[in-house]
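A quick write-up on the structure given underneath.
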Amino acid sequence: MSKEKFITLTSQAVPLSIENIDTDQVIPARFLKATTREGFGENLFRDWRYDGEGKPKSDFVLNDKTYSGKILVAGKNFGCGSSREHAAWAIYDYGFRVVISSFFADIFKGNALNNALLPVQVSDVFLKKILTTVAQKPTTEITIDLQQQKVILEDGSNESFEINPYKKICLTNGYDDIDYLLSLRDEIKVFDTVNS
Amino acid sequence: MTKLTLVERPTQTSEVETGETLSMSHEPKTLFDKIWDAHVVKRSEGYPDALFIDRHFIHEVTSPQAFDGLRKRGVKVFNPSRTTATADHNVPTKDQHLPIKEALSRFQVETLRKNCAEFGVELYDLGHPFQGIVHIIGPELGLTLPGMTIVCGDSHTSTHGAFGNIAFGIGTSEVEQVLATQCVLQYKPKRMKIEINGKLGKGVVSKDIILYVISKISASGATGYFVEYAGDTIRNLSMEARMTICNMSIEMGARGGLIAPDETTFNYIKGRKFAPQGEAFDALVKKWEQLTTDKGATYDKVLTYDAADIAPMITYGTNPGMGIKITDRIPTVAELRDISEQTSFTKSLDYMGLEPGSQLLGKSVDYVFIGSCTNARIEDLRLVANMVKGKQKASGVEVWVIPGSKQVEEQAKKEGLDKIFEAAGFELREPGCSACLGMNEDKVPAGKYCISTSNRNFEGRQGPKSRTFLASPLSAAAAAITGKVTDVRDLV
């Protein structure tokens, strides 16, 4: 089934300079009871974003009007822990299309790529530069060029990022993995018989 | 519906390698490579491998959107006999014979029932004698076997690797892939060997081994790798103890962890409900005996530890890598492995209400949780019962014992463990994931400390603002008796 296509994106960014953000923080387990993919953005970073009474915490970046945009910039080892794809759905549903970090947990990275959310891994040094730049000038625009595989800041400084060529085709064209796997059905049937 | 065509493929070299041809190469291979390569349906340059999946487990939380996807595509389940379902994440641990009170949880479990009925998937529902935590029932029913590929929409699928198979957690889109095609698209991870040799000290159990390893390499130290655990310490562990180790592989970032099968493995499987029986079993054992890493095979990384250096462990922070020997002090900022982690470290200790450089020993606890796919098997319950027999829990401490499955619960009752727990003031409940992730009513209240045999100490994991100390079932039992973080070696 086709997904939203990703080619390039220029947007402001929201800085979340915390390391080892696990998917329980992205979307706590008690909000995983829905049976559809929509609506999880409401509870994105729930316990950091709202207090016990459900009032927004003013010191959390998503509640700070200074920052907005489609790019989330986070500390290293983003998305560790639970395999819940709801984390990728929540980030996307909130409106983000890119997460920049200096290191991603494997399962999260895969889940993001399967949902048209682009994980962009940059060096520790470049991550620091992005965070500093955004802190100094929150209206800074960052460009993510998927074709060139580059993150470009307003001053022209940039860094390349890696993405698997197959996933790049999928993102650029809005394809998903099942379309490809379904085309292998006959080969899979042979395997299913041999291994039974 | 769009389809990838041949023209759009990045390159066209090295097409159509099958498991058969791959496994015939004479190059020495790791066990991981042997199993992986034997399951590659299609490998194309620039593409992830299409990996055939032998066994698929599903549960109520990460499957509904996948079934919806099948409906939208008009696709059936590829081979329903390879998928097994149970209800575990969301279920109450009291009065399971009654309808689930909480509306959303009830709806999710009902959705699982409808989906399994519609698509012909076997479901071990609440009240079924085989119901339980998905990673506990697979092995105990003999559905988990050596040499397989196993997936589930749950990161602790790594548990099954204890039987010498490739088992890893996947997201819901991948659950849909497996339901639709019995395959997942995966990039092959790198290989890491973690070898542990020597005799374990008094009071040290398998949970301590894995908490020790994670404390050494951090919560991201094995990201990008698949781990093989080896060495005589691992060899001498029971199957259930091995499962505890493999279970927490994901907590250092590894996709999974496996242990080559041996006599211990075969003896555990023999006679289990869905395991092959008689001659078929004997023939399989002959095959399984070949499931070892070849001499001369290389790993991308090798780590070696001495069992004598491992002590009862406990975590103090908000990721499983933040662990110490129970008698050690919490590090100070100056002692951090990586100074760039200072912000996270400080945030973590603030959350936990703990001081850098202080000791955990003697710290009061409010809750004790004995349960989860890490430590809710019968051996875990026996360890706890042995420790508390004839003793009483400390006043003011609430103790929950949540068996991993209906079969574990029945066995515990048969052995009279329920009476020991009752006499000690522990509450033996019904099976489910429970306070490991607090999706049901079993939540630790804000600000309270819980010593837990589960696998994650993330902020809010056991309930909003709850504070978790991860430890072994022995250390949890010791804390239940004293009401404080206790060195179990002082009690045994």
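What follows is calculated from the coordinates using simple rules that are stated; it is not laboratory data. In this text, all values refer to a predicted model and were calculated from it rather than measured experimentally. We place every Cβ from the backbone using ideal geometry, glycine too, and count neighbours over all the protein chains shown.
Name the lysines eligible as straight-distance cross-link partners of A:Lys3: C-alpha to C-alpha under 19 Å, and not fewer than 8 places from it in the same chain. Reachable lysines: A:Lys70, A:Lys109, A:Lys167, A:Lys168, B:Lys3, B:Lys72. Applying the Kirkwood pairwise sum to the alpha-carbon positions of region B:273-328 produces a hydrodynamic radius of 16.2 angstrom.
Each of B:Met239, B:Met252 was scored by other Cβ atoms within 10 Å of its Cβ. Listed from fewest to most, they are B:Met239, B:Met252. Given 10 °C and 1.306 mPa s, how large is the Stokes-Einstein diffusion coefficient of region A:30-134 in µm²/s, with Rh as the Kirkwood radius over Cα pairs? It diffuses with D of about 110 µm²/s by this estimate.
Within a straight-line Cα-Cα reach of under 16 Å, B:Lys413 can be paired with the following aspartates and glutamates, leaving aside sequence neighbours fewer than 8 residues apart in one chain: B:Glu379, B:Asp380, B:Glu422, B:Glu427, B:Glu430. If R0 equals 35 Å, the separation of the Cβ atoms of B:Gln290 and B:Leu361 corresponds to a calculated FRET efficiency of about 0.15.
Residue by residue along B:250-259, Cβ atoms of other protein chains within 10 Å of the local Cβ number 2 on average.
Count Lys and Arg as plus one, Asp and Glu as minus one, and take only other residues whose Cβ is under 9 Å from that of A:Ile152; the net charge is then -2. In this calculation the C-beta distance from B:Asp300 to B:Lys391 is compared with R0 = 45 Å, giving a FRET efficiency of 0.40.
A compact globular protein would have a Cα radius of gyration near 2.2 N^0.38 Å; the ratio found for the protein assembly as shown is 0.91. Within region B:201-316, the ratio Rg/Rh, alpha carbon atoms throughout and Rh by Kirkwood, equals 1.00. Highest GNM mean-square fluctuation among A:Ala116, A:Ala105, A:Ala29, for chain A modelled with Cα contacts below 10 Å: A:Ala29. Note on chain B: dipole from Cβ charges, positive end direction compared against B:Ala479, B:Trp36, B:Leu349; the farthest Cα belongs to B:Ala479.
Per residue, the convex hull spanned by the Cα atoms of region B:243-284 amounts to 94 cubic angstrom.
Determine the shape class of region B:58-201: with a ≥ b ≥ c the square roots of the Cα gyration tensor eigenvalues, call it rounded for a/c under 1.5, and otherwise prolate if a/b is greater than b/c, oblate otherwise. Oblate. Across the options B:Met322, B:Thr292, B:Phe469, the greatest Cα extent toward the positive end of the charge dipole of chain B (unit charges at beta carbon of Lys, Arg, Asp, Glu) belongs to B:Phe469. The alpha carbon convex hull volume per residue for chain B rounds to 155 Å³. Estimated from helices alone, the mean residue ellipticity of chain B at 222 nm is -8500 deg cm²/dmol (sum of -39500 (n - 2.57) over DSSP H runs with n ≥ 4, per residue). The sum of -39500 (n - 2.57) across all DSSP H runs of n ≥ 4, divided by the residue count of chain A, sets its helix-only mean residue ellipticity at 222 nm to -8500 deg cm²/dmol. The simple Förster model, with R0 at 35 Å and r as the Cβ-Cβ distance, assigns B:Glu27 and B:Ala280 a FRET efficiency of 0.65. At q = 0.14 Å⁻¹, what is the log10 ratio I(q)/I(0) for region A:15-78, with the Debye formula run over Cα points and no solvent? Taken in order of the listed q values, log10 I(q)/I(0) reads -0.44.
Summarising the amide proton neighbourhood of B:Gln182: residues at separation of 5 or more, or on other chains, whose placed amide H is nearer than 5 Å comprise B:Phe78.
For the pair B:Thr343 and B:Thr327, label points projected 7 Å from Cα toward Cβ lie 3.8 nm apart. In percent, how large is the relative contact order of chain B, given Cα pairs closer than 8 Å and 6 or more residues apart? So the answer I get is 16 percent. Pull out a ≥ b ≥ c, the square roots of the eigenvalues of the alpha-carbon gyration tensor of region B:369-486, then state rounded if a/c is under 1.5, prolate if not and a/b is larger than b/c, and oblate in the remaining case. Since a/c reaches 1.5 but b/c is at least a/b, the shape of region B:369-486 is classed as oblate.
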